[in-house]
Amino acid sequence: MKKLTGLLLLSLASYNLQAQNFIQAYQTRANQVTQTNINTLLQEFASYGIKITGSAANTNALNWLKAKYQSFGYNASQITEDSFTYNGNTSKNLIITKTGTVYPNTYVIICGHYDTVNGPGVSDNGSGNSILLEAARILKDVPTEYSVKFIHFSGEEQGLLGSNHYVNNVVFSNNVRQLNLRVVFNIDQVGGQIGNLNDTINCESDQTSAGGTANNAPSLAMTQQLANCTTLYSPLQVNMSNAYASDYMPFEAKGDIITGFYETERSHNEHSANDTYANIDPVYVFNVGKAAVGALQHFAIATSVLGTNESSQNKLESIKIYPNPAKDILNLEIPKEIKKFSFEIKDMSGRLISAHENETNINVSKLSSGVYLCTVKSDGETVTKKVIIEK
C-alpha cells in the first residue's frame, strides 16, 4: 500500500456529530480479540513468504485463509472466490458472507489485501488479515442487522487489481449495481514499528473528487463513527486522515461510502524484506483489532445481547511483562487466581533460550540485545508477548 506523505489531519472537535453510545456487549466481544491469536496469525502469515499475486505462495496464503474460516464454522455456501488474471496467472479474492437479520441484501464490507511484494508483508498486510480473521471468529454466531462480507483481496500491490475486478464484476455487472453496500471498511498496514509509540491510528475518509464528491460527506460521517468506536472500544487515540491508494478506492469511484484504518507513525518497512514479524508491534495490531471489532459491530448493528458462550476470555491475556524494553530483570504481573504457570523465552527463530516455573522476576542480564518471544502457560491456556532486550 502506498501513502501520501502529507496526511489530512482533522480535529475531532470540528465535527458536530453525536458520539455513539457505549454498548457493553460490543466491548465484551472486542475484548475477545486475543494477543495470542494475533501473534499466531501474524507468524503463520509470515511463514508463506513473499505472496506475489499469482504465485504459488499467494495461492498457499489463500488456502490458509480459507481453512481458517472453515475452522471457525463458516460453511461452503458462505465462502466464495472471485478469480482474475495477472501476467497470465490466476489469483483470487476470498469472500466470506455472514447474512444479516433485518437487511440481508445490504452489506457492510470489511476488507484487506493478502498479496505482498519483496517480503512476507507482516504489516502490509498480514496485520489487516489477522484482524479480519479475529473479527470473523468472534462474530461468527453474533446476529447483525446488516449482512457482513469479510473480503481478502489479492493484486493490491499491482494497482488494486483484485478490488477493481470485484467491484466491476460482482458489485457491478455491465455497470448495473448488483450489491447494495452500507460501508466499505478497509484495513491496511496497521503493524506499526517495534519500539515506536504506537498509541494512535489513522481513521481514513474519502476527500477526493474521483467518481464525484457526493460520497465525501457520508464517508466523513462514517469515519467519525469509526473514530468514536475506536476510542470507545480500544485504548487507541485517533487521527482523522485522507483515504489513498488501497482497496477501498474502486468502491469510492463507484460512489460507495468508504472508511479505513492505517498506522499513524509509519514504519516504512512496507514493500521490503524488513516487513517481518520481528519488526512490527503486535500489541498495536491487537489494539487495532479491538477497535475494528467494536466498529464492525456498530456498522453492521450487532445484537447488544450476549450469547451464553460469549463472555469467556483467556485469563492470561491480562498478564503484564515489564519493563519493555528490559535490561537486567523482566517482571511478570500475574493475576492472583493463577497459582501455577510456566514461562519461556525464545528467540525470533523459535529456539528456546530459558524456561522457568512460577517465577515473577526473570534475570535476562545475559541475553543479547534483540527481540524475544515470551510465553506464559497455565491450565491449558497460553499467551505470548514480544519483549525487547536493550543493553
Query raised in the report: Measuring from label point to label point, each 7 Å out along Cα→Cβ, what is the Ala214 to Asp379 span in nm?
Result: 5.7
Report summary line: If the label point sits 7 Å along Cα→Cβ of Gln158, residues of the range 89-123 with amide N under 13 Å come out as 89-93, 115-117
Query - Cα-centred dipole magnitude for the range 315-389, charges only on beta-carbon of K, R (+1) and D, E (-1), debye, nearest 20 - result: 120
Query raised in the report: Just the Cα atoms of the range 108-175: what Rg and Dmax do they give in Å?
Result: 13.7, 41
Report task. Treat each spin label as a single point 7 Å out from the Cα along the C-beta direction, and report the Asp328 to Asn60 distance in nm. Result -> 4.5
Query raised in the report: Which pairs in the list Lys149/Lys290; Lys140/Lys346; Lys315/Lys391; Lys66/Lys346 are over 22 Å apart, alpha-carbon to alpha-carbon?
Result: Lys140/Lys346; Lys315/Lys391; Lys66/Lys346
Query raised in the report: So what's the gap between the Cα centers of the range 79-155 and the range 343-385, to the nearest angstrom?
Result: 34
Query - Surface/4 of the Cα convex hull for the range 12-300, nm² - result: 13.9
Requested in this report: Under 1.5 on a/c is rounded, so check that first for the range 233-288, then, if it is not, pick prolate when a/b is larger than b/c and oblate when it is not; a ≥ b ≥ c are the square roots of the alpha carbon gyration tensor eigenvalues.
Outcome: oblate
Report summary line: Per the helix-only model, the chain has a calculated mean residue ellipticity at 222 nm (DSSP H runs of ≥4, -39500 (n - 2.57) each, divided over all residues, rounded to the nearest 500) of -7500 deg cm²/dmol
Query - Set of the range 207-233 residues, backbone N closer than 16 Å to the point 7 Å along the Cα-Cβ line of Arg177 - result: 211-219
Query - Sorted by Cβ neighbour density within 10 Å, fewest at the top, the residues Ser130, Ser209 - result: Ser209, Ser130
Report summary line: Between Gln237 and Val170, Cβ-based FRET efficiency (R0 30 Å, step 0.05) works out to 0.25
**Report entry** Segments 321-330, 74-83 sorted - mean Cβ within 10 Å per residue, highest first
**Finding:** 321-330, 74-83
Query raised in the report: By how many nm would the segment from Ala67 to Lys339 grow when fully extended, if each residue of separation counts as 0.36 nm and the alpha-carbon distance is taken off?
Result: 94.3 nm
Report summary line: Rounded to the nearest 10, the angle in degrees between the Cα long axis of helix 128-139 and the longest principal axis of the Cα atoms of the chain comes to 90
Query raised in the report: Looking at Asn63, Gly155, Tyr262, which one has the Cα that reaches farthest to the positive end of the dipole of the range 12-300 (charges on Cβ: Lys, Arg +1; Asp, Glu -1)?
Result: Asn63
Query raised in the report: So how far apart, in nm, are the two label points at Ala221 and Val102 if each is 7 Å from Cα heading toward Cβ?
Result: 1.6
Query raised in the report: Roughly how big is the chain's charge dipole about its Cα centre, with Cβ charges of +1 (Lys, Arg) and -1 (Asp, Glu), in debye to the nearest 20?
Result: 440
Query - Neighbour-count ranking [beta-carbon atoms within 10 angstrom, fewest first] of Val387, Val371 - result: Val371, Val387
Report task. Looking at the chain, send over the antiparallel percent of its DSSP beta bridges, to the nearest 5. Result -> 65
**Report entry** Crossing angle, helix 282-300 versus the chain [Cα axis fit, 0-90 degrees, rounded to tens]
**Finding:** 40
Query raised in the report: For Tyr284, Tyr48, what ranking results if the residue with the fewest other Cβ atoms within 10 Å of its Cβ goes first?
Result: Tyr48, Tyr284
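Every number here is computed from the coordinates shown, using simple stated rules; none is lab data. It should be emphasised that the depicted structure is a prediction, and the values quoted were computed from it without experimental measurement. Reconstructed Cβ throughout: ideal geometry from the backbone, glycine too, with neighbour counts over all protein chains shown.
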